[in-house]
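So the structure is just underneath, and the comments pick up after that.
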Amino acid sequence: MAETPILSVRNLHTEFAAPEGTVHAVDGVSFDVFKGRTLGVVGESGCGKSVTARSILGIVERPGRVTGGEILLQPADGGTPVDLLKMSPWDMRAVRGPEIALVFQEPMASFSQYYTIGNQIMEGIRLHMGLSAKAARARAIDLLDMVGVPQPARRVDEYPFQLSGGLRQRVMIAMALSCDPRVLIADEPTTALDVTTQAQILDLLRELQQKRGLAIILITHDMGVIAEMAHDVAVMYLGRAVETGAVKDIFAAPQHPYTRALLRSIPTVMAKPRTRLPTIEGSIPQPFNRPVGCAYHPRCTEAVFAACRTEPPPEVGVAGRNVRCYLHGGLPGARA
Amino acid sequence: MFSFLRAKGPALSKAERYAQATQLQLTWWRFRRHRLAMISGIVVALFYVIAIGADFLATTDPHATDSRTSYITPQPIHFFEDDGSFRPHVSGLKGVRDPKTFKLIYTVDPNRHVPVDFLATGYEYSFLGITTTRHLFALRDPQRGDGIFILGTDQLGRDVWSRLMVATRVSLTIGLVGVTISLFLGVLLGGISALYGGWVDTVIQRTIEVIRSMPTIPLWLGLAAALPNDWSVTAVYFSITIIISLLAWTDLARVVRGKFLSLREEEFVMAAELAGASTGRIIFRHMLPSFMSHIIAAVSLALPAMIISETSLSFLGLGLRPPAISWGILLQDAQSIQSLALAPWLLAAAVPVILVILAFNFLGDGLRDAADPYG
Amino acid sequence: MINFITRRLLLGVLTVWMISVLSFAIIQLPPGDFVDAYVANLAASGSSVSADEAAALRKLYGLGQPIYIQYGKWITRIITGDLGESMEWRRPVTEVIGDRIWMTLLLSFAALILTWGLALPIGIYSAVRQYSFGDYLFTLIGFIGIAVPNFLLALIILYTAFKVFGLSVGGLFSAEYALAPWSWDKVKDLAWHLPLPAIILALSGTAQLIRIMRANLLDELRRPYVVTARAKGLSEWRTILKYPVRAALNPFASNMAYLFPLLISGSVIISIVLGLPTVGPLLVKALIAQDMFLAGSIVLLLGVLTVIGTFISDLVLMWVDPRLRHQMD
């Protein structure tokens, strides 16, 4: 992997100030995204996946705010990477759409019901590409055609509530691709859909990636989707990436106890009938009472070191990936 | 939203307390944290205390007219004599003959001090069947025409303060009686609408829409004016209340119907149904407690509207009629700019009107928030 | 869409019918029939009605026949434009009402426009800048608008203007134009006098609509489609105005349908305090003098105007909401 990443997130921190205390929704996440590859970000709900996506685009809602780290975007012409966190709000708006685009979980709620889908697709095109209304409309119809919406010339004038769930998600993808972004962030794009539609949407994403060399960040809680789609994986737990690496390595030999537990809890058709599916003990802690030390230690079956309860483990390189766990080194005073 | 419901640290007993609390208790706990609503609740309570003790707080018979005390300016109670000794008193009145017209005009005589006693005897009134003459304060040995005119007097020489006290009772109870009628109609028709559905629901809903799109004041005025002139004060009082309620129950019916329909879908109602509970038991034991707090909130928002309606009608001379006393009737005296210019204190009734409406609104808002943290 | 319009039209017709029944009841309620009252009224003022004339009147209105026939005769005459005769003025009701009905409409309409024009931007501002100084200020003004009944507000303003500025602020016209025929100068005079009563009339509705707009918009601002719009790179204001405001407009518009009846109602009462030449003072005078034909006609006219106003609001609502336009069944 000598290639430079298109997007590189370094030690990102995002906090939410609440009356009960500060919630560290994203607490030092780092990962890289490459052209033509898919990074799967996986974790239980509430682990900070979606906030990470919004932080990258700079659209975290109040009272949340990004408090630290770097988000480096490689310019299209290959110059030195720019830090999105240091950009002015004005310049940042030109990144949203033409550089990085977003596909959301709930296609119904993510569209306004008061405008036609054509209107909502054309908006970005006219704003960023400066096309005339007529040219923008033609492009919108082309995009709808590309994502497999039947009769695009007619559908372009329909309202979101007139479309089925699968079609809405296709339109969502068309809208995200309207300004030829280089990075596509898909935030649980198939969660709200039924299984057959899910497969179609994933196929579409893969096909578009191959055609256009898109870099995709695929956020999901579904290990099955990761196995099918991702090239690289970042496993998140309570705002941190606990294990990052190539998908085949992680599935073949997970290093972090949490990754192992996640993989064990996938139901398979091969399993013996009437056996209990292993689950992870306990539940995600309250965001206000994040455990001291390794955030996973209260649920971890392998928390053997005293340091697990006192200090968060640093990132260490193991077998071609990065892991945050004392089992793999990084114990305070061990190497010094 | 409910994070405070979860145990923080060792307070497990607190968590248990929350877990076992009824909907009304939960509402009350949430309501207590709402400071403005709490204060408003106290203000409303104080007003009802005034309503109950109106005669006790009044100083002069609110119906007694005396042409000599016409338009006396407000007279404060002085608590100390000039030498600093504590002897509450008001200034007396003296008659002066106008040198030109030879008409006797009564003005305040700051030199004559009439002592004021607390818990003293004054005019006779009956309260809860007991006839008494006890008042919070009254004059000792008043001469004719003397009186405690804290808020001045009107054209007929009646004490505005005393009239205001009695008016508070009338206006506030008209609100209560009116809301009770509206509530009865609203719960009955809203409940029927939700329970039976179908064409019954359609008819009731269309009726509500029709009533809501009618201009209420002209209709109220017309109906109120049609009441015979020779009816007694009490008959007019109840008729007006009914007229106002007839057009005001619609909001309550909508709240009841909406809550009813959404609760019917709840799992605990389904569970009760599966357990074989009767319809009556489901409604009164399971559903009513969970929207009781919504009804209380809706009522406290409906009350000020009732009070405004009565005040407006009486103000126009088509609601309660003298000798009844209500805020609207008091304000009727202040209707023309001539009388206002002469005696601005006649506008005094505006203060309780505004205070009560504000307090009820804050109270209702607080109750609504407490009853439904998502609403 | 056709369905929605038909439903609303039917509802409007139903409302008009109910109002007509109530108006008829208002005419009928006083003891004795109104020809008695009419005769007595004329006798009191010196002129007399012959027994023949009285009998003719009774026949004309079907008095003595069942009540629904009386109603039928009365409503037929109304539909043909004959509102009857005012007993007090002894002139046709239409003539007595004259311009006043248009003044009522003008005042209510001005208040309606004002309510919209104020509530919309203030509601948006208060939601977008929640808990700012401006938000608190408008909330405070809003509470005053809700707590002070409009006739009291009119009284207070009347008194303050008189006491502080020595002005008399009543009326819709200056003295020299009040009885003058319509001219450009009279219109200008009206435009000068209209704002104050319109503001007083609009205040409580505005306060309510600001609260509704603010609450709805706060709700809408949290919706995922707002994030979608931001993710497209739209500017913040453009995002807010195009998406959540548009969605919040909907409950706002449906509340507007109930605003018009309130304004018509309110115009009656503040007209009396401010001495405006609308039908309000006429109605109250007619009711007190038991001039029932005049009173009943005014109530009916106001009701019909309200229904028309509400129907127009419904059409606006339909135009605002594509979901209503595209309803399948």
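The values are calculated or read from the model by the stated rules, or taken from the named source; none is laboratory data. All values derive from a computational prediction rather than experimental measurement. All Cβ positions, glycine included, derive from the backbone under ideal geometry; neighbour counts span all protein chains shown.
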Take the residues in the stretch C:248-261 that are surrounded by fewer than 21 Cβ atoms within 10 Å (Cβ to Cβ) and in contact with a Ser or Thr (Cβ under 9 Å, 6 or more places away or on another chain); name whichever of them is nearest to C:Ile157 (Cα to Cα).
C:Tyr258
How many residues, within the stretch A:54-82, are hydroxyl-bearing (Ser, Thr, Tyr) and in a loop (DSSP other than H, G, I, E, B)?
1
Only one residue in C:Ile288, C:Ile264 is at the interface with another protein chain (Cβ under 10 Å from one of its Cβ atoms), within 24 Å of C:Ala178 (Cβ to Cβ) and crowded, with 21+ Cβ neighbours inside 10 Å, so which one is that?
C:Ile264
Given C:Phe109, C:Phe138, which one is over 23 Å from the mean Cα position of the chain (by Cα) and assigned to a helix (DSSP H, G or I)?
C:Phe138
Can you confirm whether the stretch C:86-99 contains a residue that is of a type in the set (A, V, I, L, M), surrounded by fewer than 19 Cβ atoms within 10 Å (Cβ to Cβ), modelled with pLDDT of 85 or more and assigned to a helix (DSSP H, G or I)?
no
Every residue from the stretch C:223-246 that is within 20 Å of C:Ser126 (Cβ to Cβ), more than 7 Å from every other protein chain (Cβ to nearest Cβ) and of a type outside the set (Val, Ile, Thr)
C:Glu236, C:Trp237, C:Arg238, C:Leu241, C:Lys242, C:Pro244
Can you pull out every residue in the stretch B:36-94 that is closer than 25 Å to B:Phe127 by Cα, small (Gly, Ala, Ser) and more than 16 Å from the chain's Cα centre (by Cα)?
B:Ala58, B:Ala64
Checking A:Val29, A:Val33, A:Val41, A:Val66 in turn, the sole residue that is in contact with a Phe, Trp or Tyr (Cβ under 8 Å, 6 or more places away or on another chain), at negative phi and away from chain C (no Cβ under 14 Å) turns out to be A:Val41
Of those in the stretch C:291-301 that are more than 15 Å from C:Gly98 (Cβ to Cβ) and within 19 Å of the chain's Cα centre (by Cα), the residue farthest from the other protein chains (Cβ to nearest Cβ) is C:Leu300
Counted residues, the stretch B:353-371 - those being within 18 Å of the chain's Cα centre (by Cα) and surrounded by fewer than 21 Cβ atoms within 10 Å (Cβ to Cβ):
5
When both residues are 6+ apart or on different chains and their Cβ atoms are under 6 Å apart, which pairs have a first residue that lies in the stretch A:44-61 and is more than 14 Å from chain C (Cβ to nearest Cβ), and a second that is aliphatic (A, V, I, L, M) and surrounded by fewer than 23 Cβ atoms within 10 Å (Cβ to Cβ)?
A:Glu44/A:Ile284; A:Gly46/A:Ile284
Hey, which of the helices (runs of 4 or more DSSP H) in the stretch B:183-287, taking only ones fully inside, have at least 3 residues that are surrounded by 15 or more Cβ atoms within 10 Å (Cβ to Cβ) and within 14 Å of chain C (Cβ to nearest Cβ)?
B:198-212, B:216-225, B:233-248, B:250-264
B:Asp369 versus (1) farther than 19 Å from B:Phe47 by Cβ; (2) touching a residue at least 12 places away in the same chain (Cβ under 8 Å); (3) touching a Leu at 6+ places or on another chain (Cβ under 8 Å): which is the lone unmet condition?
(3)
Would you kindly identify the strands (runs of 3 or more DSSP E) lying entirely within the stretch B:112-174 that contain at least 3 residues that are more than 13 Å from B:Thr60 (Cα to Cα)?
B:130-134
Going by what's in this entry, would B:Leu301 be described as in a helix (DSSP H, G or I) and within 24 Å of B:Leu219 (Cα to Cα)?
yes
Could you tell me how many of the residues in the stretch C:56-93 are in contact (Cβ under 8 Å) with a residue 60 or more places away in the chain and either of a type in the set (S, T, N, Q) or out of contact with any Pro (no Cβ under 9 Å at 6 or more places or on another chain) (or both)?
6
Can you tell me which residue in the stretch C:132-158 is farthest from the other protein chains (Cβ to nearest Cβ), limited to those that are aromatic (Phe, Trp, Tyr) and surrounded by 17 or more Cβ atoms within 10 Å (Cβ to Cβ)?
C:Phe138
I want to confirm something. Restricting to the stretch A:132-155 and keeping residues that are at pLDDT below 90 and surrounded by fewer than 22 Cβ atoms within 10 Å (Cβ to Cβ), which single residue is nearest to the other protein chains (Cβ to nearest Cβ)?
A:Met146
Tell me, please, whether a residue that is in contact (Cβ under 8 Å) with a residue 60 or more places away in the chain and closer than 30 Å to A:Glu61 by Cα can be found in the stretch C:151-170.
no
Looking only at residues in the stretch A:105-120 that are under 21 Å from A:Glu188 (Cβ atoms) and assigned to a helix (DSSP H, G or I), which one is farthest from the other protein chains (Cβ to nearest Cβ)?
A:Ile117
The one condition in (1) surrounded by fewer than 19 Cβ atoms within 10 Å (Cβ to Cβ); (2) farther than 29 Å from B:Ala37 by Cβ that C:Ser108 fails to fulfil:
(1)
For the stretch B:303-336, enumerate the residues that are at the interface with chain C (Cβ under 9 Å from one of its Cβ atoms) and surrounded by fewer than 20 Cβ atoms within 10 Å (Cβ to Cβ).
B:Gln335
Leading residue by the ranking (modelled with the lowest pLDDT) among those in the stretch B:60-95 that are in contact with a strand residue (DSSP E or B) (Cβ under 6 Å, 6 or more places away or on another chain) and among the hydroxyl-bearing types (Ser, Thr, Tyr)
B:Thr69
Looking at (1) crowded, with 17+ Cβ neighbours inside 10 Å; (2) within 21 Å of B:Leu176 (Cβ to Cβ); (3) touching a residue at least 60 places away in the same chain (Cβ under 8 Å), which one does B:Met292 not meet, given that it meets all the others?
(1)
Mind checking which helices (runs of 4 or more DSSP H) fall wholly inside the stretch C:195-301 and carry at least 2 residues that are under 30 Å from A:Ala186 (Cα atoms) and acidic (Asp, Glu)?
C:195-221
Residues of the stretch B:338-363 being within 11 Å of chain C (Cβ to nearest Cβ) and over 19 Å from B:Pro74 (Cα atoms), in sequence order, are B:Val353, B:Ile354, B:Leu355, B:Val356, B:Ile357, B:Leu358, B:Ala359, B:Phe360, B:Asn361, B:Phe362
